[in-house]
1. Identify all residues within the stretch 70-111 that are farther than 12 Å from residue 47 by Cβ and of a type in the set (Asp, Glu); write none if there are none.
2. Could you say which residue among 5, 45 is outside any loop (DSSP other than H, G, I, E, B), within 16 Å of residue 92 (Cα to Cα) and not acidic (Asp, Glu)?
3. Can you name every residue in the stretch 5-23 that is open to solvent by 20 Å² or more (accessible area, probe 1.4 Å) and in contact with a strand residue (DSSP E or B) (Cβ under 8 Å, 6 or more places away or on another chain)?
4. For the stretch 30-40, name all the residues that are open to solvent by 70 Å² or more (accessible area, probe 1.4 Å) and either modelled with pLDDT of 95 or more or of a type in the set (Lys, Arg) (or both).
5. Every residue in the stretch 95-105 that is outside any strand (DSSP E or B) and buried (at least 24 other Cβ atoms within 10 Å of the Cβ), please.
6. Would you be able to tell me the number of residues in the stretch 3-53 that are over 22 Å from residue 113 (Cα atoms) and not small (Gly, Ala, Ser)?
7. Tally up the residues in the stretch 66-81 that are open to solvent by less than 90 Å² (accessible area, probe 1.4 Å) and either farther than 19 Å from residue 56 by Cα or of a type in the set (A, V, I, L, M) (or both), please.
8. Based on this model, can you work out whether residue 61 counts as open to solvent by less than 90 Å² (accessible area, probe 1.4 Å), basic (Lys, Arg) and either part of a loop (DSSP other than H, G, I, E, B) or in contact with a Phe, Trp or Tyr (Cβ under 8 Å, 6 or more places away or on another chain) (or both)?
Amino acid sequence: MKTIIIKRVYDNKAGDGTYRILVDRLWPRGLNKTDLSFDEWDKEITPSTELRKWFAHKGERYAEFTKRYIQELNLKSEEITRLRNMAEEKSLTLLYAAKDPVINHAVILRDYLLNNKII
């Protein structure tokens, strides 16, 4: 497998030679679509609206958010397979807009994709 990295959209607007996938359900605030270099916007792989709103980026909810998001990812096997197959051929960058570089869904998604089995 090639690499799968995560980057915050506001800090990494330009292309970098990887296949860049925006993995947020909503478009990042204050950013024009022409300002961001990305290859695809994958809303299907993001946390559900209900889960995203419940989490609200509160650190004390992160462990439970992780469990719930993994449960959602387990139901998206076709999309997971597609992304894993893509990562076999080229390096992927998962783009996200959250402020916290550690407590966000892109971290969970990257780790999930790098795991060779369903969690």
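The values are calculated or read from the model by the stated rules, or taken from the named source; none is laboratory data. Being a predicted model, the structure only gives us computed values, none of them experimental. Ideal geometry is used to build each Cβ from the backbone, glycine not excepted, and the neighbour counts take in all protein chains shown. For accessibility, only protein heavy atoms count, side chains too; no ligands or nucleic acids. Shrake-Rupley method; radii C 1.70, N 1.55, O 1.52, S 1.80 Å.
1. 78, 79, 88, 89, 100, 111
2. Details: 45 fails: outside any loop (DSSP other than H, G, I, E, B).
Selected residue: 5, the only one of 5, 45 that is outside any loop (DSSP other than H, G, I, E, B), within 16 Å of residue 92 (Cα to Cα) and not acidic (Asp, Glu).
3. Filtering the stretch 5-23 for residues open to solvent by 20 Å² or more (accessible area, probe 1.4 Å) gives 5-8, 10-19.
Listed by number, the residues that qualify are 5, 6, 7, 8, 12, 16, 18, 19.
4. 33, 39
5. 105 - this is the single residue of the stretch 95-105 that is outside any strand (DSSP E or B) and buried (at least 24 other Cβ atoms within 10 Å of the Cβ).
6. Residues meeting the conditions: 14.
7. 8
8. Details: open to solvent by less than 90 Å² (accessible area, probe 1.4 Å): yes; basic (Lys, Arg): yes; either part of a loop (DSSP other than H, G, I, E, B) or in contact with a Phe, Trp or Tyr (Cβ under 8 Å, 6 or more places away or on another chain) (or both): yes.
So residue 61 passes the test.
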